[in-house]
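Okay, structure first, notes after.
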2 protein chains.
Amino acid sequence: MSAHDLDRTLAALADPYRRRVVDLLRERPRRAGELAEATRIAFPLMSRHLRTLRESGLVAEDRDEFDSRVRIYRLRPQPMADLKAWLEETQVLWSRQLAAFKAQFPRSRK
Amino acid sequence: MSAHDLDRTLAALADPYRRRVVDLLRERPRRAGELAEATRIAFPLMSRHLRTLRESGLVAEDRDEFDSRVRIYRLRPQPMADLKAWLEETQVLWSRQLAAFKAQFPRSRK
DNA sequence: CCGATAATTTCTGTTTTTGTTAATTATTTA
DNA sequence: TAAATAATTAACAAAAACAGAAATTATCGG
């Protein structure tokens, strides 16, 4: 996972509509049209947001097995897992900072 | 923590320079000028990125105790903790999806 | 094959964000 | 108090992201 990937993930998640889509998809996969209606935006607009999400790797598209006009979107776990890993790394370095700080003032303040 | 806050956090993190700053700050607090030099960008540009980070709540600014021209930036934990919580919520809903899916096909595929 | 449906792409104008350079503010030091 | 330093704000041009409307593609059902 490169730093560049994290950028794309974060940029994709930074839009309110797109985060709304992710919020919907984490419950279950949904059709493109369903996402547009639930979000109250025009189809073409949703379509472009979905493309952005696809290109960032956050979602994937399947076709409905009975009607292949219908595109079903689902969340892909990897990008968000990578993001979470980065956040966790931050927290590790953080607690290390805190430890170093405490070591400077060893006298506990009881 | 509102959805709006998450947007600001994500938007702030979505820029490569700003993420570089966060990467530097998670090791230890640093002076504004130090951040500009380490990132190889002009001071005014860094200054604006720092403002964005400040406004998102990701960093805070202190003055050096001996020279108050110097501004020292440090990371604030809350926004990233909130973001992590959102990611974890996603993973919970996720595993629920997976469980529901498995329940539909109870026959394990030995 | 034809009309209807699901969704995407293209085109275009607008707003936001980004980077540069110049000017400004606040503080320290001589 | 004047020069130097640390950093920010202001002004402006270039680049990118956004949203709406129209046109296009692919597939289904009769």
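Observations on the structure shown:
- Filter result for residue B:90 (assigned to a helix (DSSP H, G or I), surrounded by 10 or more Cβ atoms within 10 Å (Cβ to Cβ), more than 10 Å from chain A (Cβ to nearest Cβ) and β-branched (Val, Ile, Thr)): no
- Matching option when the condition is without any contact (Cβ under 8 Å) to a residue 40 or more places away in the chain and more than 13 Å from the chain's Cα centre (by Cα), among A:81, A:103, A:60: A:103
- Verdict on residue A:3 being within 16 Å of DNA strand C (Cβ to nearest atom) and at pLDDT below 95: yes
- Filtered by the rule that a residue be outside any helix (DSSP H, G or I) and either near DNA strand C (Cβ under 9 Å from one of its atoms) or facing chain B (nearest Cβ under 9 Å) (or both), the stretch A:6-52 gives A:14, A:15, A:26, A:27, A:28, A:29, A:30, A:31, A:42.
The values are calculated or read from the model by the stated rules, or taken from the named source; none is laboratory data. Here the structure is a predicted model, which is why all the values come from computation and not from measurement. Every residue, glycine as well, gets a Cβ built from its backbone with ideal geometry; the counts of neighbours run over all protein chains shown.
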